[in-house]
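The values are calculated or read from the model by the stated rules, or taken from the named source; none is laboratory data. Source: prediction; values computed, not measured. Don't worry about glycine lacking a Cβ; one is built from the backbone with ideal geometry, like all the others, and counts go over all protein chains shown.
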Amino acid sequence: MNRYHQLIVIGPGSGGRDTAILGARTGLRVLLVEKDDLGGTWFHRGCYPIRTLRACATHYQEVEKSSRFGLSIDLSETGWADRIATQRRVSKRLAEDLGRSLEELSVQIRFGTAKLVTPNEVEIFHPNRVGDRVSGQNIIIAPGSRPAFSSAENSKILTSEGKLASELGRSRW
């Protein structure tokens, strides 16, 4: 593995993803460090999942109106689980597409948490492994957005992650 990169991007959410792609397109040797799932909150628990669920709800509303046009469709077997399954398929497809795009641009992807050690050195920690140090000419920290509060049950303020988790009855889906 190459330990020196011209650009290291920590966090491939919306900002980090575009930064890594632009850097690679301009010919830089790029390393992208991701803690969890490629695409971050934006693809898996934020904007796109919410849009997918909204599209499911809109489609459901339109299908309900179909009887006015002489069509009969049984919606009794569809529900929240079907919508979540659709959302997961969309998120997975987006992450796979991003992975292919990054691979085509020769962007190296490393999974783990990153710690800035010096202005030009990052240590990447993987679960159950010793940290690995890499250096870079430019390092961009783009961790995405995390609210300064946690989404609590019965709270009037919810994050998208908290809302989806509460609907599913578990903390991480």
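Yes or no, residue by residue, for (1) assigned to a helix (DSSP H, G or I); (2) in contact with a His (Cβ under 9 Å, 6 or more places away or on another chain); (3) not aliphatic (A, V, I, L, M):
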position	(1), (2), (3)
Pro12	no, no, yes
Ile21	yes, no, no
Cys56	yes, no, yes
His59	yes, no, yes
Val63	yes, no, no
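Can you find a residue that is of a type in the set (A, V, I, L, M), part of a helix (DSSP H, G or I), closer than 16 Å to Ser14 by Cα and at pLDDT 80 or above anywhere in segment 96-114?
yes
I'd like to know if segment 70-91 contains one or more residues that are touching a His at 6+ places or on another chain (Cβ under 8 Å), assigned to a helix (DSSP H, G or I) and crowded, with 17+ Cβ neighbours inside 10 Å.
Taking every residue of segment 70-91 in turn, at least one turns out to be touching a His at 6+ places or on another chain (Cβ under 8 Å), assigned to a helix (DSSP H, G or I) and crowded, with 17+ Cβ neighbours inside 10 Å.
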